[in-house]
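Undergrad: Pasting a structure here, questions to come.
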């Protein structure tokens, strides 16, 4: 199956609008352990870091991809642990997206997944993409 760029952009923009839902900026939480089975399930693992999205979080999609606006770093990591998954929530704390964290081949990749309490967690770029096929 293939979908048009128009449909791809609409899909990505709809997800971005959900992230922007609520009364302010969304957050991206980095956590230890396996992600919950469903986005509607309670958080799992230890919270390591919380980064704040801009409001709006993403620019308009083009060719099925939207790029995040600036993401505010967490300059005081909450706990020491190994990052394994993330949850991207709107400002009402509703999980919109969750995925894996690693050093390569994951949904979000960091230079190191060893987070140290009191340190800094930063994301320099993030995109939402709807493939064409």
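Undergrad: Could you run through the stretch 120-133 and say how many residues are exposed (fewer than 15 other Cβ atoms within 10 Å of the Cβ) and either outside any strand (DSSP E or B) or free of Cβ contacts under 8 Å to residues at least 60 places away in the same chain (or both)? Spell out how you get there, then give the answer.
TA: The initial filter retains those residues of the stretch 120-133 that are exposed (fewer than 15 other Cβ atoms within 10 Å of the Cβ), namely 120, 122, 124-125, 127, 129, 131-133.
If we keep only those that are either outside any strand (DSSP E or B) or free of Cβ contacts under 8 Å to residues at least 60 places away in the same chain (or both) as well, we get 120, 122, 124-125, 131-133.
Number of matching residues: 7.
Undergrad: Moving to a separate point now. Residues that are in contact (Cβ under 8 Å) with a residue 12 or more places away in the chain, at positive phi, buried (at least 16 other Cβ atoms within 10 Å of the Cβ) and touching a strand residue (DSSP E or B) at 6+ places or on another chain (Cβ under 7 Å): does the stretch 18-33 have at least one?
TA: No, the stretch 18-33 contains no residue that is in contact (Cβ under 8 Å) with a residue 12 or more places away in the chain, at positive phi, buried (at least 16 other Cβ atoms within 10 Å of the Cβ) and touching a strand residue (DSSP E or B) at 6+ places or on another chain (Cβ under 7 Å).
Undergrad: Moving on to the next point. In the stretch 77-94, what residues are crowded, with 16+ Cβ neighbours inside 10 Å and either more than 16 Å from residue 35 (Cβ to Cβ) or at pLDDT below 95 (or both)?
TA: Hits for the stretch 77-94 are 77, 78, 90, 91.
Undergrad: Filter the stretch 107-118 for residues that are assigned to a loop (DSSP other than H, G, I, E, B) and crowded, with 16+ Cβ neighbours inside 10 Å; which is nearest to the chain's Cα centre (by Cα)? First the steps, then the outcome.
TA: From the stretch 107-118, those assigned to a loop (DSSP other than H, G, I, E, B) are 107, 110-113, 116-118; that's our starting set.
Now restrict to residues that are crowded, with 16+ Cβ neighbours inside 10 Å: 110, 113.
On the way: 110: 13, 113: 15 Å.
Once the filter is applied, the top-ranked residue is 110.
Undergrad: Further question: Which numbered condition in (1) modelled with pLDDT of 95 or more; (2) under 25 Å from residue 9 (Cα atoms) is the only one that residue 133 fails?
TA: (1)
Undergrad: Residues of the stretch 41-51 being in contact with a strand residue (DSSP E or B) (Cβ under 8 Å, 6 or more places away or on another chain) and more than 11 Å from residue 75 (Cα to Cα), which ones?
TA: At the first step, the residues of the stretch 41-51 found to be in contact with a strand residue (DSSP E or B) (Cβ under 8 Å, 6 or more places away or on another chain) are 43-51.
Once the filter is applied, which keeps residues that are in contact with a strand residue (DSSP E or B) (Cβ under 8 Å, 6 or more places away or on another chain) and more than 11 Å from residue 75 (Cα to Cα), the stretch 41-51 yields 43, 44, 45, 46, 47, 48.
Undergrad: Please pick out the residue among 8, 87 that is more than 16 Å from residue 120 (Cα to Cα), over 13 Å from the mean Cα position of the chain (by Cα) and in contact (Cβ under 8 Å) with a residue 24 or more places away in the chain.
TA: Values: 87 fails: over 13 Å from the mean Cα position of the chain (by Cα).
None of the others qualify; the one that does is 8.
Undergrad: Of all residues in the stretch 95-106, which are surrounded by 15 or more Cβ atoms within 10 Å (Cβ to Cβ) and either within 19 Å of residue 57 (Cβ to Cβ) or in contact with a helix residue (DSSP H, G or I) (Cβ under 7 Å, 6 or more places away or on another chain) (or both)?
TA: Those that are surrounded by 15 or more Cβ atoms within 10 Å (Cβ to Cβ) and either within 19 Å of residue 57 (Cβ to Cβ) or in contact with a helix residue (DSSP H, G or I) (Cβ under 7 Å, 6 or more places away or on another chain) (or both): 95, 96, 97, 98, 101.
Undergrad: Quick one: how many residues across the stretch 52-92 are touching a strand residue (DSSP E or B) at 6+ places or on another chain (Cβ under 7 Å) and closer than 25 Å to residue 114 by Cβ?
TA: Total meeting the criteria: 20.
Undergrad: Here is a list: 93, 79. Which entry is assigned to a loop (DSSP other than H, G, I, E, B) and at positive phi?
TA: Being assigned to a loop (DSSP other than H, G, I, E, B) and at positive phi holds for just one of 93, 79, which is 93.
Undergrad: Let me spell it out: the conditions are (1) out of contact with any helix residue (DSSP H, G or I) (no Cβ under 6 Å at 6 or more places or on another chain); (2) assigned to a loop (DSSP other than H, G, I, E, B); (3) crowded, with 16+ Cβ neighbours inside 10 Å, and residue 56 meets all of them except one. Which number is the exception?
TA: Single failed check for residue 56: (1).
The values are calculated or read from the model by the stated rules, or taken from the named source; none is laboratory data. Just so it is clear, the model here is predicted, and its values are computed rather than measured. Reconstructed Cβ throughout: ideal geometry from the backbone, glycine too, with neighbour counts over all protein chains shown.
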